[in-house]
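Student: Structure provided below as structure tokens; questions to follow.
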Amino acid sequence: MEQIILGSIIIALGIYVFKFYPFEKGNVMKLVIAAIFVILTAICKRLAIMIPLFGAESFKIGFEYIPLMIAGFFLSPSYAFLVGLCSDVIGLILVPTGFPFLGFTLGTILVSVIPSLVREHLQNVSQKVVQYVVIGLILVLGIGASCYIYTLNEITISQTVHLMTSQEKITLISICLALTAIFIILIMLLKKQIHDQEAKEFSTWILCVVLVELVVTLCLTPLWLDMMYKIPFVISLCIRVIKECAVLPIEIFIGYTLIKFMKRMLVRLERK
């Protein structure tokens, strides 16, 4: 039943993006760009590494979300939908895991589609509004993560229970609040140093990354793990909240650096 519901959601999302954001006929460049991002995502999936956290190999650092989000940032929602779908299918071919669970397929599609929809709907929104939305969302995420960590008494990792000490809680909360403050200060500094259009682009990218991590990583993925493997939602969520302290700045700054590089490359190609 879950697979049928998830399949229906994927089909409905596909109908929506193809109806309101159809393909541009004859635009071979966008198809080439989409194919490149699918290949980059497949490569990044194989480069994921596991890092010990609280004594167990439980902290996975992967960069497959970055090419998916950049694809959505540059392409329309219909292209982004295909990039996410093809990336998931190719990933299953390269690393077979049995019958595919469509929840993870939906998550991969959303990683690419969310940035595309965000950029489409923010085109006519002023830089100040985008900036205030980003700052508000970062504050909510940082304070919410800090409050959640404060309530944790133990973390279960690979059937090993780790009791959270007060010192560990203080350290993790300090990291969350420090990153929150750094993000906000950086946004304010950028506003003074660059023109409004580039500041809006950077703010939009931050909003895309935060929304993807909030919706897919912190909400949907723990739900899928609970449905598939009976891993309690709260246990899965606590590891991911801690993980986001390290992953968010990496995705934001590496991703935006690649976006500027891609823009320069596209301008050169258009001149030729």
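Student: Here is the link list: Lys45/Lys260; Lys45/Lys263; Lys169/Lys243; Lys128/Lys192; Lys30/Lys200. Which ones come out longer than 18 Å on Cα distance?
Tutor: Cα-Cα > 18 Å for Lys45/Lys260; Lys45/Lys263; Lys30/Lys200; rest within.
Student: What figure in square angstrom, to the nearest 10, would you give for the accessible area of Ile143 with a 1.4 Å probe?
Tutor: Ile143 has an accessible surface of roughly 90 Å² with all protein chains in place.
Student: What accessible area per residue comes out for the chain, rounded to a whole number of Å², with a 1.4 Å probe?
Tutor: 53
Student: Please list Phe74, Phe261, Phe63 from largest to smallest accessible area, probe radius 1.4 Å, with all protein chains kept in place.
Tutor: Order by accessible area, largest first: Phe261, Phe63, Phe74.
Student: Counting only protein heavy atoms and using a 1.4 Å probe, what share of the accessible area of the stretch 160-272 belongs to carbon plus sulfur, as a whole percent?
Tutor: Exposed carbon and sulfur together represent 69 percent of the surface.
Student: Could you give the dipole magnitude of the chain about its Cα centre, charging the beta-carbon of Lys and Arg +1 and that of Asp and Glu -1, in debye to the nearest 20?
Tutor: Charge dipole of the chain: 880 debye, to the nearest 20.
Student: List the relative contact order of the stretch 99-183 as a percent without decimals, with contacts defined as Cα pairs under 8 Å and 6+ residues apart.
Tutor: About 26 percent, as a whole number.
Student: Then there's this: Only one of the values (1) 59, 51, 30; (2) 59, 39, 33; (3) 54, 54, 38 was calculated from this structure for Cα extents along the principal axes in Å; name its label.
Tutor: The value matching this structure is (1).
Student: Given a 1.4 Å probe and the protein chains all in place, what does the accessible area of Arg119 round to, in Å² to the nearest 10?
Tutor: 80
The values are calculated or read from the model by the stated rules, or taken from the named source; none is laboratory data. Here the structure is a predicted model, which means the values were calculated and not measured. Glycine gets a Cβ as well: all are built from the backbone with ideal geometry, and neighbour counts include every protein chain shown. Surface accessibility is based on the protein's heavy atoms, side chains included, excluding ligands, DNA and RNA. Shrake-Rupley method; radii C 1.70, N 1.55, O 1.52, S 1.80 Å.
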